[in-house]
């Protein structure tokens, strides 16, 4: 009973420590959306908005954008609600292979987002602004159209695509094994206040 109690205590402390780190990282971005030295802008419904410092200088070149005609649909068992999610063919092959390996450890991947066009990325921001969300706060966590890694067709968001994903067995497995299959967490924990933590967001970057 004493050993079990100690293990439970250690587990509880670990969870609370992770929550504290997440809270610190998240709060550090509340006033980090203004780009004083950035001249880049985007247009939403004809209105020009400044690109925040986090994204300044990171607009994707055309050669890095996925060809929508050459995308491959993920298998239904990897897609949230069997929805149609597309990625590059190479990304699909690597993800399916990684998913097969994870299943051997009792881990089942579910993806809720893959390729997004520049138009769709703009629509995400436009719709959320229509619901009353503040642009400066929203754009800190949502990439401006033309800047998202999802445009490459090599980025996927795992379920749940929110902060609690960092406390799942899936995330732990990915941290330990994803690199073997060419997948990397591009927005990892950062306490410097420059990049929000997106534990659910992974990109296929074959070496």
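In a helix (DSSP H, G or I), modelled with pLDDT under 95 and closer than 23 Å to residue 157 by Cα: is that true of residue 13 in this structure? Against the criterion (in a helix (DSSP H, G or I), modelled with pLDDT under 95 and closer than 23 Å to residue 157 by Cα), residue 13 does not qualify. Among residues belonging to the range 174-186 that are touching a helix residue (DSSP H, G or I) at 6+ places or on another chain (Cβ under 9 Å) and more than 15 Å from residue 96 (Cα to Cα), point out the one that is surrounded by the most Cβ atoms within 10 Å (Cβ to Cβ). The extreme case among them is 185.
All conditions but one from (1) closer than 22 Å to residue 206 by Cβ; (2) touching a residue at least 12 places away in the same chain (Cβ under 8 Å) apply to residue 129; the one that does not is (1).
In the range 147-164, of all residues being surrounded by fewer than 19 Cβ atoms within 10 Å (Cβ to Cβ) and touching a residue at least 12 places away in the same chain (Cβ under 8 Å), the one that is nearest to residue 201 (Cα to Cα) corresponds to 161.
Among the residues making up the range 117-126, those that are in contact (Cβ under 8 Å) with a residue 12 or more places away in the chain and part of a helix (DSSP H, G or I) are 118, 119, 121, 122, 124, 125, 126.
Filtered by the rule that a residue be buried (at least 22 other Cβ atoms within 10 Å of the Cβ) and in contact with a strand residue (DSSP E or B) (Cβ under 6 Å, 6 or more places away or on another chain), the range 133-144 gives a lone residue, 144. Would you check which residues across the range 59-116 are in a strand (DSSP E or B) and either out of contact with any helix residue (DSSP H, G or I) (no Cβ under 6 Å at 6 or more places or on another chain) or loosely packed, with under 14 Cβ neighbours inside 10 Å (or both) and list them? Within the range 59-116, 71, 73, 79, 86, 87, 88, 113 qualify.
The values are calculated or read from the model by the stated rules, or taken from the named source; none is laboratory data. Predicted model only: the values in this text are computed from it and were never measured. Please note: Cβ atoms are built from the backbone with ideal geometry, for glycine as well, and neighbour counts cover all protein chains shown.
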